[in-house]
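Asks: The structure is given below, and queries will be raised subsequently.
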Amino acid sequence: MSRIGKLPIQIPAGVTITYKDDLVTVKGPKGELKQQINPDIKLNIEDGVLNLSRPNDERILRAQHGLYRSLINNMVIGVSEGYKKQLELVGVGYRVTNSGQTLELSLGYTHAIHFQLPDEVKVETKTERNKSPLIILESADKQLIGQVCAKIRSFRKPEPYKGKGIKFTGEIIRRKSGKSAGK
């Protein structure tokens, strides 16, 4: 039995799950998410608890059992609580502003980078004196917010010598010593 797949999913108040034609729809206060799943994986909802089961121990079904349980659990958490990520810009002259769903990043290049965010992601930027600028992203979709963060981070990844770039708040960058340290 899959260790992750056999864990029950608690359905919080205000969240409804419907399963029809291999499509799981999760609705809650933060939005609505949908996920296509394998028809062999069965869903059983009773007393506010969702359980997933599989008919046999084929290799692909064992893998998908845990996968779909994790995806549905992330959807339930997303529509009830939501996901929040913070990115920090480290570097002299690095700035960020937003107007609606468009981020304008100034990252030391000759031009500013304009990045259009999806409508499902809410954005907020903070700039305080003597602190690094912050980008705060919120969404109900864990996969989408992770993909948006990865795209923003790819504009200027943190480098190991001075630590400049876009990093997650609290992330530790492994630092290297320069070439003079080797002598």
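Asks: Among the strands (runs of 3 or more DSSP E) contained in region 116-183, which hold 1 or more residues that are in contact (Cβ under 8 Å) with a residue 40 or more places away in the chain and farther than 30 Å from THR25 by Cα?
Replies: The qualifying strands (runs of 3 or more DSSP E) are 134-139, 165-168.
Asks: Quick one: which residue in ARG95, ARG69, ARG129, ARG156 is of a type in the set (Lys, Arg) and under 30 Å from ASN38 (Cβ atoms)? Please lay out each step first, then the result.
Replies: Values: ARG95 fails: under 30 Å from ASN38 (Cβ atoms); ARG129 fails: under 30 Å from ASN38 (Cβ atoms); ARG156 fails: under 30 Å from ASN38 (Cβ atoms).
From the options ARG95, ARG69, ARG129, ARG156, the qualifying one is ARG69.
Asks: Just the residues that are closer than 14 Å to GLU124 by Cβ and surrounded by fewer than 16 Cβ atoms within 10 Å (Cβ to Cβ), please, taken from region 87-97.
Replies: THR97
Asks: Right, here's the next one. Only one of these conditions is not met by LYS126: (1) exposed (fewer than 14 other Cβ atoms within 10 Å of the Cβ); (2) basic (Lys, Arg); (3) within 30 Å of ILE72 (Cα to Cα). Which number is it?
Replies: Here LYS126 clears every test but (3).
Asks: Further question: Consider region 33-57. How many of its residues are over 19 Å from GLN147 (Cβ atoms) and either at pLDDT 95 or above or loosely packed, with under 12 Cβ neighbours inside 10 Å (or both)? Please lay out each step first, then the result.
Replies: Going through region 33-57, the residues over 19 Å from GLN147 (Cβ atoms) turn out to be 37-57.
Then drop every residue that is not either at pLDDT 95 or above or loosely packed, with under 12 Cβ neighbours inside 10 Å (or both), which leaves 39, 44, 46-47, 49, 55-57.
Residues flagged as over 19 Å from GLN147 (Cβ atoms) and either at pLDDT 95 or above or loosely packed, with under 12 Cβ neighbours inside 10 Å (or both) within region 33-57 amount to 8.
Asks: Restricting attention to region 58-81, report how many residues are open to solvent by less than 40 Å² (accessible area, probe 1.4 Å) and among the aliphatic types (A, V, I, L, M).
Replies: 5
Asks: With loosely packed, with under 14 Cβ neighbours inside 10 Å and at pLDDT 95 or above as the only criterion, which of LYS20, LYS84 stands out? Full working, then the answer.
Replies: Values: LYS20 fails: at pLDDT 95 or above.
From the options LYS20, LYS84, the qualifying one is LYS84.
Asks: Considering only residues that are under 25 Å from the mean Cα position of the chain (by Cα), farther than 27 Å from GLU171 by Cα and assigned to a strand (DSSP E or B), which ones fall in region 44-91?
Replies: If the condition is that a residue be under 25 Å from the mean Cα position of the chain (by Cα), farther than 27 Å from GLU171 by Cα and assigned to a strand (DSSP E or B), then VAL49, LEU50, ASN51, LEU52 are the ones that fit.
The values are calculated or read from the model by the stated rules, or taken from the named source; none is laboratory data. Since this is a predicted model, take the numbers as computed values, not measurements. When we count neighbours, we look across all protein chains shown, and the Cβ atoms used for this are built from the backbone with ideal geometry, even at glycine. What goes into the accessible areas is simple: the full protein's heavy atoms, side chains included, and nothing from ligands, DNA or RNA. Shrake-Rupley method; radii C 1.70, N 1.55, O 1.52, S 1.80 Å.
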